[in-house]
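The values are calculated or read from the model by the stated rules, or taken from the named source; none is laboratory data. No experiment lies behind these values; they were computed from the predicted model shown. FYI the Cβ positions are ideal-geometry reconstructions off the backbone, even for glycines, and counts take in every protein chain you see. Note: areas computed on protein heavy atoms with side chains; ligands, DNA, RNA excluded. Shrake-Rupley method; radii C 1.70, N 1.55, O 1.52, S 1.80 Å.
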Amino acid sequence: MNSNHLQMGDHSYSRFACLSCSSSSSVKLLIFMAPFIVLLGFVFVLDPTKLNYLPVSTSLHSSSASATNYGAKDSDDGVVVELGASGLVMIEDHRTAEAEGLNSSEASVVNQTSSSLLPAVDDDQDRQLTDTKTERNKEETTVTTNGTSSPTDSLLNESHANPMKPNRETVRTSLQRLEAGLQRARAAIKEASISGYHPLEDPDYVPIGPIYRDAKAFHRSYLEMEKQFKIYVYKEGEPPLFHDGPCRSIYSMEGNFIHKIETNKQFRTNNPEKAHVFYLPFSIVKMVRFVYDRNSRDFAPIKNTVVDYINLVAGRYPYWNRSLGSDHLMLSCHDWGPEASFSHPYLFKNSIRALCNANTSEKFNPTKDVSIPEINLQTGELTGLLGGPSPSRRPILAFFAGGVHGPIRPVLLEHWEDKDEDIKVHKYLPKGVSYHDMMRNSKFCICPSGYEVASPRIVEALYSGCVPVLISVDYVPPFNDVLNWKSFSVEVSVEDIPNLKKILLGISSRQYIRMHRRVLLVRRHFEFNSPPKRFDVFHMILHSVWLRRLNVRVLGG
C-alpha cells in the first residue's frame, strides 16, 4: 500500500483526494501521509538546490548599526542586496549608476563602513548565476549587420566561447555537493551570532573583544573555512607575468600570496571539481615591468594580457563560463590593479578582486571585493619590525614623515610641518633620525593617503604598537568585514586636519591605553609569516575571500 502512495503524478494525487474525502479515520490519513513526509524529507536532504539562503544579521555592530554592510549584487538585474543591522535590505536598482561609476553620494554611503562579517543571500541572488546560457546566447547574437562583431562584442564572445567540458553530470553533482557544504557553513555562522552561543574550543586563538564586529561569528566562520575551503590555481601561464610576483617591496603581497597559495597543502586543491574559488595567478606589478612601455603610456598591452588569459582558461575549463567569473579571484597590490580588472567586464563586475587600492571612488565594491593590507617588506621578513615601548614611554603625541603626493598630504604639511613639538610632521626626516624609532616613540601614527588610498604606514603603525590615525577619502580599511577599526584607530577627515591636535588630545589616557592594547591584539592579523600561521595576514586574506564566496550561489548550466 505504501508503495502505491510513493508514486508521483496525477494518479497518486487523485488517490489522495479520494482518500481524504471518503475516509473517516484519522489513523488511516496519518498512515497515508507518512510516506509523503518521508519522501519530501529525502528530497530536501539530497537536493541542495532546494535549500534557500537565509538573510543573516550580526549582533555586535554597535558603532555602525546604521551603516551599509556586507551583501551581494545581482549581476542580471543590477539590484544590490545588502545586510544591515536590522536584516536584509533592498537598495534601488544601480544599473545606470554602475555603468557610469559610483556617484559621490553612493560612494560616501559605501565608505561609511565596508562589510559586516556575515553573508546575506536571498533568492534574487540565484538569478545572478543560473541563467548563464541566456547570457551567452545574448552575447553570441550581438553581431553587427555586416556579420562582424564590434570590439566589445568580440571580447565578450571570445571570452565565453564554448569550453571543452567534462561530463556535465559530474560537474553538476560536484557543484551541488560544494553548495550544500557552503549552506551548512552559513547556518553554522548564523548560529554563532545568536546570543548564548558558546565558542568552540581552539588550541591557538579564540577571538574576543571589541576589535571584532562579531568575534564568535568570525571564529566559527574561520573554523568552517579551515574545514572545507578549497582554491584551484590555474596552471596556465609562465613566469614572470604568471605564477610570480614581488616579495620584497611595497607590492610584496602579490608575490607572497602567489607563492603561499601555490605551495599550500591545506587550501589549494589540484582538482577543480572540489574548488570553491578559482585563482587567476597573474601579477600586475610584473606586467607593468615587462609588458607596459612607459614611453608610450599605452595601457592596452596589460589589458590584452589579462583578457587573453581569461580567454584561455574560459576555453579550457567550464568554470569561468558557468559562473560568469563570480567564483574567480584576482589579487593585486599595484596602483593599477583596479584598472587592469576593467579589461574584462565580468572580471570587474562579478569576480572577487583582492586589492590594496580599495577605493570606492574607483569602483571598489565592498560587497564582493576584498581590501588587503599594503605591507612594505624590504627583507621579506618581519625581523626588527615588531614591538615598541609601553604607552608611558612614548613621548611624541603624533608622527608622520613621507613624500608629498596626492591631495591630502599637502594639507597636512601646510598645517603641521615643523610647527608643533607634539605633532612631528616632516617631508623629510632629519639626518640620523630613524623612521621606525619615531613610530615606536609615538602614541599616534598619522597615515594619510597619497595618490592612492592605501598606505603601508597603517601596517607599520600596528607593527610598532602605534595607534593609526587614518586620513583618507573613500578608503575601505583591510578586513573591515571582520575588524572594528574604530576600536583601535582614529579616523580624521581632511577638513579636520587643522584640528588634529585637539582631536588627539581629546582622547583620554584611559581610552588611549585601551586602544594601544587593541593594536597589540589586532596586530596578529597583519603579520606576515613564512610559513603562514593561523589568523595571520595570509589566512585573513583567504577568510575575506571565503566570506565573498559564501555570498554567491553557483548553479551548473
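Here are a few things to note about the model shown:
- Residue 305 accessible area, assembled protein chains, probe 1.4 Å, Å²: 30 Å²
- Cα centroid separation - the stretch 424-476 against the stretch 478-544, whole Å: 12 Å
- Only Cα sites of the stretch 278-380 enter the Debye sum here, all with the same form factor; the resulting log10 I(q)/I(0) across q = 0.15, 0.16, 0.24 1/Å is -0.62, -0.70, -1.35, listed in q order.
- Portion, in percent, of the accessible area of the stretch 283-363 that falls on carbon or sulfur, probe 1.4 Å: 43 percent
- Local electrostatic count at residue 457 - Lys and Arg +1, Asp and Glu -1, tallied over other residues with Cβ under 12 Å: -1
- With both labels modelled 7 Å from their Cα along Cα-to-Cβ, the residue 529 to residue 499 distance reads 4.2 nm.
- Of 198, 426, 276, the order by accessible heavy-atom surface (1.4 Å probe, DNA, RNA and ligands excluded), from most exposed downward, is 198, 426, 276.
- Whole-number D in µm² s⁻¹ for the stretch 198-256, Kirkwood Cα-pair radius fed into Stokes-Einstein, 4 °C, 1.567 mPa s: 88 µm²/s
- Centre-to-centre, using Cα atoms only, the stretch 203-278 and the stretch 293-310 are separated by 27 Å.
- Cα shape, the stretch 180-328, gyration tensor, a/c 1.5 rule: prolate
- Reciprocal mean inverse distance between Cα atoms of the stretch 224-277 - Kirkwood radius, Å: 12.0 Å
- Whether the stretch 404-484 is rounded, prolate or oblate, judged on the alpha carbon gyration tensor where a/c under 1.5 counts as rounded: oblate
- For the stretch 367-454, the relative contact order works out to 39 percent when only alpha carbon pairs closer than 8 Å and six or more residues apart are counted.
- If you sort the three axes of the alpha carbon gyration tensor as a ≥ b ≥ c, you get a/c of 1.5 or more for the stretch 353-445 and a/b no higher than b/c, which makes it oblate.
- Equivalent-ellipsoid semi-axes for the stretch 434-557 (Cα gyration tensor, √(5λ), whole Å, largest first): 29, 18, 14.
- Rounded to the nearest 10 square angstrom, residue 463 shows an accessible area of 10 square angstrom against a 1.4 Å probe.
- Residue 411-residue 263 pseudo-label distance in nm [points 7 Å out on the Cα-to-Cβ vector]: 4.4 nm
- 1.4 Å probe accessible area per residue over the stretch 301-370, in Å²: 21 Å²
- Accessible-area composition of the stretch 435-557, carbon plus sulfur, in percent [1.4 Å probe]: 51 percent
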